[in-house]
Amino acid sequence: MSKKLEKNGLWESSRMMLPEHKEAYILYQQNLRKNSRPQLDDQETERLSSIIAESMLFRKEVTLVLFGEFDNSELTGVVTKIDQQQKNVRLARGNDFVWINTENIIGAMFY
């Protein structure tokens, strides 16, 4: 037998990848790197709640760690309002403010 026909040799140089296949492969690789949402126990949830409440009462600057699918992010500011019905926290950052869903908060520390 010829060496071209051994170990898929005939087709080795004629392979190609369609753009759709390439995009699907890139999405597949990105999905492999997704983080899973950590499950916070009751003690950690209570600690986060007390830090957020203390930031609001005493106007202390706090850093909140937010869950992200690919990487976590941090926001620093002062908690100015807690909306328990909508489960949101308003974080003042200078002259701006950001509403943050409490389900996305996975960590908190004073600045």
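The values are calculated or read from the model by the stated rules, or taken from the named source; none is laboratory data. Remember, it's a predicted structure, so these values are computed and weren't measured experimentally. Every residue, glycine among them, receives a Cβ derived from its backbone with ideal geometry; neighbour counts consider all protein chains shown.
Where residues in segment 83-97 are farther than 17 Å from Phe110 by Cα and in a strand (DSSP E or B), which of them is nearest to the chain's Cα centre (by Cα)?
Looking only at segment 83-97, we keep the residues that are farther than 17 Å from Phe110 by Cα, and these are 83-88, 95-97.
Cutting the leftovers down to in a strand (DSSP E or B) gives us 83, 88, 96-97.
Details: Asp83: 22, Asn88: 17, Asp96: 22, Phe97: 20 Å.
Here the residue is Asn88.
Within segment 29-49, is even one residue in contact with a strand residue (DSSP E or B) (Cβ under 6 Å, 6 or more places away or on another chain) and either modelled with pLDDT under 95 or of a type outside the set (D, E, K, R) (or both)? Steps first, please.
As a first pass, look at segment 29-49 and keep what is in contact with a strand residue (DSSP E or B) (Cβ under 6 Å, 6 or more places away or on another chain): 38, 48.
Narrowing further to those that are either modelled with pLDDT under 95 or of a type outside the set (D, E, K, R) (or both): 38, 48.
There is at least one residue in segment 29-49 that is in contact with a strand residue (DSSP E or B) (Cβ under 6 Å, 6 or more places away or on another chain) and either modelled with pLDDT under 95 or of a type outside the set (D, E, K, R) (or both).
Condition first: hydrophobic (A, V, I, L, M, F, W, C) and free of Cβ contacts under 8 Å to residues at least 12 places away in the same chain. Now tell me which residues in segment 25-84 satisfy that.
Matches in segment 25-84: Ile26, Leu27, Leu32, Leu57, Phe58.
For segment 32-46, enumerate the residues that are under 29 Å from Ala108 (Cβ atoms) and either of a type in the set (Gly, Ala, Ser) or part of a helix (DSSP H, G or I) (or both). Walk me through it before giving the result.
Of segment 32-46, the ones under 29 Å from Ala108 (Cβ atoms) are 33-46.
Scanning segment 32-46 gives Ser36, Asp42, Gln43, Glu44, Thr45, Glu46.
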